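The structure appears right after this line, and notes come after that.
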Amino acid sequence: WYKACEYATVYMSTVSLLPTHQPTTNAVVARNRRIGLGIMNVTGWIAVAGAHNVIKAMRTGYNRVRETNRWVNGEAGVPEAIRVTTIKPGGTVPKMVGETSGCGFPTFEFTLMRFKVGKFHPIAKVLMDAGVPYEQDVCESGTWVFEFPVRQGPSKPADKANLYEQAMIVCMVQREWSDNAVSNTLYFKPRWIFDK
């Protein structure tokens, strides 16, 4: 975990030194030097390691990120980043099997993962031979859509976590890790009262 924090920080700090094609963007990057080292599957990490170990790892990891950024940017002769860590709710990460994005609980315990593969791609035959269910893509004639069941992670699903527990995890991550505002969806069941 700590080496991953260091290596990711070196990479992101170095990439922030490269100019873009847009001078106005370059000016903002040069002024702020923001990088965004994020964590995924926080609730799964807590389920496996315990909140106290996750808090300790976040605190130490955050300090390593700051120290590494200070060193890399010092070597490059630029100011250290004003923000270095984040929690991102979506993108490619939620597509990783068994992992959830950001710090939220998985929406369901199990779900179907679907993905497209070209009909003539070598992996298509491997998947067919393995018995993975598939069907013709309705939009692209040269594509199969394969599907398989996925357990969304080691943590319980969102409908089993109360609102307070969900909010406290967001607060913990904001306090211990993220320089940027933590984005998250909190799930709750409204209480319905019916008149007789």
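The values are calculated or read from the model by the stated rules, or taken from the named source; none is laboratory data. Since this is a predicted model, take the numbers as computed values, not measurements. Note that we place each Cβ from the backbone using ideal geometry, even for glycine, and neighbour counts take in every protein chain shown. Keep in mind that these areas ignore ligands, DNA and RNA; they rest on the heavy atoms of the full protein, side chains included. Shrake-Rupley method; radii C 1.70, N 1.55, O 1.52, S 1.80 Å.
Identify all residues within the range 124-147 that are open to solvent by less than 70 Å² (accessible area, probe 1.4 Å) and assigned to a helix (DSSP H, G or I); write none if there are none.
Listed by number, the residues that qualify are 124, 127, 128.
As an exercise: evaluate residue 77 against (1) on the phi > 0 side of the Ramachandran plot; (2) in contact (Cβ under 8 Å) with a residue 60 or more places away in the chain and give the number of the one condition it does not meet.
Every condition holds for residue 77 apart from (2).
Taking the condition of being in contact (Cβ under 8 Å) with a residue 40 or more places away in the chain and not in a strand (DSSP E or B), how many residues in the range 102-123 meet it? Give the derivation first.
From the range 102-123, those in contact (Cβ under 8 Å) with a residue 40 or more places away in the chain are 102-111; that's our starting set.
Filter again for not in a strand (DSSP E or B), leaving 102-109.
Total meeting the criteria: 8.
Can you name every residue in the range 57-74 that is free of Cβ contacts under 8 Å to residues at least 24 places away in the same chain and surrounded by 15 or more Cβ atoms within 10 Å (Cβ to Cβ)? Give the derivation first.
Start the filter on the range 57-74 by keeping residues that are free of Cβ contacts under 8 Å to residues at least 24 places away in the same chain, which leaves 63, 66-67, 70-71, 74.
Residues satisfying the conditions are 66, 70, 71.
Across the range 15-43, which residue is most open to solvent (accessible area, probe 1.4 Å) among those that are without any contact (Cβ under 8 Å) to a residue 60 or more places away in the chain, of a type in the set (S, T, N, Q) and assigned to a helix (DSSP H, G or I)?
Among residues in the range 15-43 that are without any contact (Cβ under 8 Å) to a residue 60 or more places away in the chain, of a type in the set (S, T, N, Q) and assigned to a helix (DSSP H, G or I), the one most open to solvent (accessible area, probe 1.4 Å) is 24.
Of the residues that make up the range 171-179, is at least one assigned to a helix (DSSP H, G or I) and either more than 30 Å from residue 61 (Cβ to Cβ) or open to solvent by 80 Å² or more (accessible area, probe 1.4 Å) (or both)? Outline the logic, then answer.
Taking the range 171-179 and keeping what is assigned to a helix (DSSP H, G or I), we get 171-176.
Next, from what is left, pick out any that are either more than 30 Å from residue 61 (Cβ to Cβ) or open to solvent by 80 Å² or more (accessible area, probe 1.4 Å) (or both): 175.
Yes, the range 171-179 contains a residue that is assigned to a helix (DSSP H, G or I) and either more than 30 Å from residue 61 (Cβ to Cβ) or open to solvent by 80 Å² or more (accessible area, probe 1.4 Å) (or both).
Determine which member of the set 11, 7 is among the hydroxyl-bearing types (Ser, Thr, Tyr) and exposed (fewer than 13 other Cβ atoms within 10 Å of the Cβ). Show your work before the answer.
Values: 11 fails: exposed (fewer than 13 other Cβ atoms within 10 Å of the Cβ).
After applying the criteria, what remains is 7.
Got at least one residue in the range 44-56 being outside any helix (DSSP H, G or I) and open to solvent by less than 30 Å² (accessible area, probe 1.4 Å)?
Looking only at the range 44-56, we keep the residues that are outside any helix (DSSP H, G or I), and these are 50.
Checking the rest, the ones that are also open to solvent by less than 30 Å² (accessible area, probe 1.4 Å) come to 50.
There is at least one residue in the range 44-56 that is outside any helix (DSSP H, G or I) and open to solvent by less than 30 Å² (accessible area, probe 1.4 Å).
Which condition from (1) modelled with pLDDT under 95; (2) buried (at least 18 other Cβ atoms within 10 Å of the Cβ); (3) assigned to a helix (DSSP H, G or I) is the one that residue 159 breaks?
In the conditions (1) modelled with pLDDT under 95; (2) buried (at least 18 other Cβ atoms within 10 Å of the Cβ); (3) assigned to a helix (DSSP H, G or I), residue 159 misses (2) alone.
Go through the range 81-101 residue by residue and tally those that are crowded, with 16+ Cβ neighbours inside 10 Å and at pLDDT 85 or above. Steps first, please.
Quick first cut of the range 81-101, residues crowded, with 16+ Cβ neighbours inside 10 Å only: 81, 84-89, 93-94, 99-101.
Retained after the next criterion (residues that are at pLDDT 85 or above): 81, 84-87.
Matching residues across the range 81-101 total 5.
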